[in-house]
1. For the protein assembly as shown, treating each Cα as an identical point scatterer without solvent, what Debye log10 I(q)/I(0) comes out at q = 0.09, 0.10, 0.14 1/Å?
2. Within chain B, which whole H helices from DSSP have a Cα span along their axis of at least 18 Å and a mean Kyte-Doolittle hydropathy of -0.5 or more, if any?
3. Output ³J(HN,Hα) for the range A:248-256: one whole-Hz value per residue in order, computed from phi by the Karplus curve 6.51 cos²θ - 1.76 cosθ + 1.60 with θ = phi - 60°, and x for Gly and Pro.
4. Let me confirm one metric for peptide A:128-141, namely the mean number of other chain beta-carbon atoms within 10 Å of its residues' beta-carbons.
5. Average partner chain C-beta neighbours within 10 Å, per residue of A:261-274?
6. Under 5 Å between amide hydrogens, which residues at least 5 positions from B:VAL30 or on another chain qualify, with H placed 1.01 Å from N in the peptide plane?
7. Rounded to the nearest 0.05, what FRET efficiency is calculated for B:ASN104 and A:TYR153 with R0 set to 60 Å and r the Cβ-Cβ distance?
8. Just to check I understand the Karplus step: with θ = phi - 60° and J = 6.51 cos²θ - 1.76 cosθ + 1.60, what whole-Hz values come out for the range A:55-71, glycine and proline as x?
Amino acid sequence: MNRFDRQSFLGMDSEFKLGAATLGLVGLGGGGSHIVQQSGHLGIGGYVLVDPDHSTETNTNRLVGGTLADLESLTAKVAIAERLIRGLQERPRITPVRDTWHNATAKLKRCEIIVGAVDSFKEREELERFARRHLIPYIDIGMDIHELGGKKYLIGGQVILSMPGKPCLRCCGLITEERLAMEANKYGAAGSRPQVVWSNGVLASTVVGLITQLLTPWFNNPPDFVYLDYDGNRGTLTPNDRMELLRNKICPHHPPEETGDPLFDVREFNRHVADLALNKSKFSSAPPATSLWKTIWAGIARALGL
Amino acid sequence: MTIQFKITRHLLEEVRRDLARPHRYAHERVGFISSGLSSAEENLLVLARTYRAVADGDYLHDPSVGAMIGPDAIRKALQWALSEGVAVFHVHTHGGIGRPGFSNIDLREQAKFVPNFFQIAPQCPHGALVLSNNSVHGHIWLDGDKSFEIVTGFVEVGAPLNIWSTS
């Protein structure tokens, strides 16, 4: 018996594949924290966890893994996520980055999959563009609560799998110039938006299912483009009409010519690698540290002629 | 240092389809893949962009090898590296299943033409790939004067992800 027996239908090598994979998770709030927990249970071995914030009182209605004690100690969300995973796995490979994802790009580039659980359209678009540049599948999760009038509300959301070359968030109509402009105009004026734990859980569970499909599918030909709509009032998650309409469409917004770093120069890269190797060899050839007591004793011994 | 080569399933299928086409006298086909590049600390990412087939008329008659491409094919690939500032990888297939390897003739020819790309686009590494029907193996030159490095990992980007490692 081992802990993965109950998910052995994922394939004989699924434990290895999941353990070898590294997941980039940007945004560790309501949605992201569910994904952290489930990925830890599932057996994903590597994580780049990115969030600049610490847990606050308004997070406690939905931040999985967060405790009341974290409020007093101002525990970073990346630390809460790391603690959660380490409670589920013996030797996970975790790179916590308590910063914006723009300062974690070197780590994120090496991930097999990036999940964005971020608030703004601007951030979504930038993160997707970064993922596409590095040929990394990007999964976007988002939910919102809209007032219908008369103190009635609609909970809605979406999960989109944005595969390099396939339809993107702009193709899906999620990112539009109008939305970006509206968001930019509201910048600084918006208060905290309503969020609840159960709808985040539905969307996050769907994301973990997509991650599993990408790494170790349990059926043939899993879809390489997914656009699902969540209706929290009806309790449904259904394919958006565009999922079928765009299925075989090639994305015009992120052409292949955009992949990679336009300023890359292999001569600089070679120099950088040589410098790193030199520093490593300097470090490894340094004499072993001598303890203070040994140094003092050696001095006394010399003075006494011993 | 690790060197990872990533290619979308869509592009890899295009490459395989093209290389599978029969030629009038060559036994196998050859093409070139252009790539963007990125680094992550001491690790190199080679990110495939597009594919160009070697034109039918650019093969030489040489029954001693599977395919011998002429100077025009190399010139066009060099031109591509120059005009677009991209890394260029020679690609052909040996078919079969499992991890493929280069033949001695492949190694001899690579050593002749790949370093020439550094005269044209010295800012990019260049190299050669050989495919089987379900895997890939690659050599990459990081400097026109040095010998090649082995590409340490490949990712076929699609659903599901296909990930190969040489380690």
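1. Each listed q maps to, in turn, -0.69, -0.82, -1.35.
2. Details: long enough: B:71-84 (20 Å, -0.34).
Counting only whole DSSP H runs, the qualifying helices are B:71-84.
3. Working through the residues one at a time gives 9, 7, 8, 5, x, 7, 10, x, x Hz.
4. On the way: counts 0, 0, 0, 0, 1, 4, 7, 16, 6, 4, 0, 0, 0, 0.
Counting Cβ atoms of other protein chains within 10 Å of each residue's Cβ and averaging gives 3.
5. On the way: counts 6, 4, 3, 12, 5, 15, 6, 2, 10, 5, 0, 3, 7, 1.
For peptide A:261-274, the averaged partner shielding equals 6.
6. B:VAL54
7. Working: r = 71 Å, r/R0 = 1.18.
With a Förster radius of 60 Å, E is 0.25.
8. So the Karplus estimates, Gly and Pro as x, are 6, 10, 4, 6, 7, 5, 7, 7, 7, 5, x, x, 10, 5, 5, 5, 5 Hz.
All of the numbers you see were taken from the coordinates with simple rules; none came from a lab. These numbers were taken from a predicted model, which means no experiment stands behind them. Cβ sites come from the backbone with ideal geometry, for glycine too, and all protein chains shown count toward neighbours.
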